[in-house]
Structure formats: C-alpha cells, structure tokens
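A quick write-up on the structure given underneath.
The values are calculated or read from the model by the stated rules, or taken from the named source; none is laboratory data. Predicted model, so just to flag it, every value in this text is computed and none were measured. Ideal geometry is used to build each Cβ from the backbone, glycine not excepted, and the neighbour counts take in all protein chains shown. Areas reflect the complete protein model, heavy atoms only, side chains present, ligands, DNA and RNA absent. Shrake-Rupley method; radii C 1.70, N 1.55, O 1.52, S 1.80 Å.
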Amino acid sequence: MQMDVEPQVVLNSGRRMPVLGMGTATYPVPPDETITTAVIDAIGLGYRHLDTASVYGSERAVGRAIATALERGLIGSRDELFVTTKLWCTDMHADRVVPALQESLRTLGLEYIDLYLIHHPVRLKGEKRMVFTGEDVIPLDMPTVWEAMEKCQSLGLAKSIGVSNFTCKKIADLLNHARIPPAVNQVEVNPLWQQRKLRGFCSEKGIHVSAYSPLGAVGVLWGNIEYFDRAYFGNALMDVVSNHIGHGALGLR
C-alpha cells in the first residue's frame, strides 16, 4: 500500500525536502541487488527522499533503483525524488570536494544531487572506510572546504549543501565564514538522545535538523548506544509520541 503524499519542509536554500527519508547505511555492506530492491520497494511505497553516501557503498545501487523506478513508471521523472549524498572525510580538502561530488554523480547516474552534506567535521588520511581512529585524523581547513561546498551549489551539482554530525560550536565556527549557510545538519536524534540544545540552536540559525537512527542505533557501528535500554527506550518513545515532540526533524530509517 502506498503512503499518502509525504509532507515537505522548505530549506533555507528555498528547496523543498520530504520529511521522511529512506536511509541506505548498513554494515557490512550487502550486495547491490539487495539495496536496489529495497530502494525500489521504498519508492513504490511512496518514499521520495533517498539518503546515501560515498562511504556507504550504496550509491551505485541507489542509482540503479532510480533508473528502474523510472522504467517501471513508479515515478514520472527524476525531479520527483530528493537525493542526498555525503562527502567522506578522506576528501575533506578544498581540491577534492568538487571531484568527489562528480564521482558520486557518476556512480549514481545523476546530473545533480538535491542535498550534499559534509559527513563529519574531520579530515582523515588513508583509504575510504567507515571505521577510523584518532590516528587517522589530519589537519583540516574547514573554511576552504566549505568554500568548495559552496562551489558545488553554484555549479548546479548540488541544489542545497549542508553538514552532518556537527555540534553547536562547529556550526557557529562555520557560519563565521560561510557565504551560503548549511541548509541541513544531519545528526542522530531519537527518544533517548533528543538533542534539544542542538535543535534549538539550528532552529535559531535557520538550519533544518535531519534525524538519523530515529528509533535508536542498535547493532551498528555508529550511534550512541552505550546506555541503551530497550524497556526505557520504549517508555521514552511513548512519551515522545504522546507529547507530540516532533519539532520538524526529518527522520531517516
């Protein structure tokens, strides 16, 4: 059964973003066919926001799903979809930002991305991989990286740009030199970690908060689960629902 027309929010870039997204992060990475089938099914059910990243290893499969959805008439045009992908930390250098996005576009088989995010506010050495340590971190020049992100938007390669896993301090520092402010900050938000301070700060700055792992990050490499308790989580979830604490945060599941 297809869900009703998905609600949307208007970003500070003027672009509309569906509030519910289909996330494609999983580890270990499954076969492309598995991801493609899941995304096609999601589109058939009514999902119009697809979230991927270069480090996820899912961009090719998402691109194939989009092409198949077009062939089957599940969508009338690519413009009906909102596609998000992300710049990985090994490409956090001014000279590598635009080429990294161009590579993602080739992998996806798309001409543009609706939203391009900095995945983490950190630069890494070595090969692209999800797992890293402090020894992999190298100096980062955020102002020049963000300038390159702005170039991605001015070139039309990305309709909106934003960040992920940024704290209030990181965003404040970014805004001191940004010509184009980030449209989105994608962070973990769930009933046990509601990120009230960060959500409030982003709201004041006109930055939309996008929530990943909205039901908790259990059994994955990412997420704040050290003190996760299923019974307590269930009670917290019911409190959120009963008190209608939505606050406009998009959810990726």
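The table that follows gives values for the structure above.
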item	result
Length released on extending from Val19 to Arg72, taking residue separation times 0.36 nm less the Cα-Cα span	16.6 nm
Arg123 long-range amide H proximity, modeled H, under 5 Å	Ile138
Area accessible to solvent at Lys128, 1.4 Å probe radius, in Å²	100
Relative pair counts by distance (%), Cα atoms of the stretch 8-252, 10 Å bins	7, 31, 38, 20, 3
Cβ-based charge dipole, the stretch 8-252, positive-most Cα from Gly126, Ile171, Ile138	Ile171
Estimated inter-spin distance, Arg196 and Glu111, nm [label 7 Å along Cα→Cβ]	4.7
Volume per residue of the C-alpha convex hull in the stretch 59-121, rounded to whole Å³	76
Net lengthening on full extension, Asp41/Thr26 (0.36 nm per residue, minus Cα-Cα)	3.7 nm
Amide H contacts of Ser213 (H built 1.01 Å from N, under 5 Å, at least 5 apart or other chain)	Leu252
Estimated vicinal HN-Hα couplings, Hz - the stretch 8-16 in sequence order (Karplus 6.51, -1.76, 1.60; Gly, Pro = x)	10, 10, 9, 7, 5, 7, x, 7, 9
Per residue accessible area of the stretch 8-252, 1.4 Å probe, in Å²	48
Calculated from backbone phi, Karplus (6.51, -1.76, 1.60) coupling profile of the stretch 102-118 in Hz, x at Gly/Pro	4, 5, 4, 5, 5, 5, 6, x, 10, 8, 8, 10, 6, 8, 10, 10, 6
Net charge over other residues, Cβ less than 11 angstrom from the Cβ of Thr90 (K, R count +1; D, E count -1)	+2
Total charge dipole magnitude, the stretch 8-252, about the Cα centre, Cβ charges on Lys, Arg, Asp, Glu only, Debye to nearest 20	420
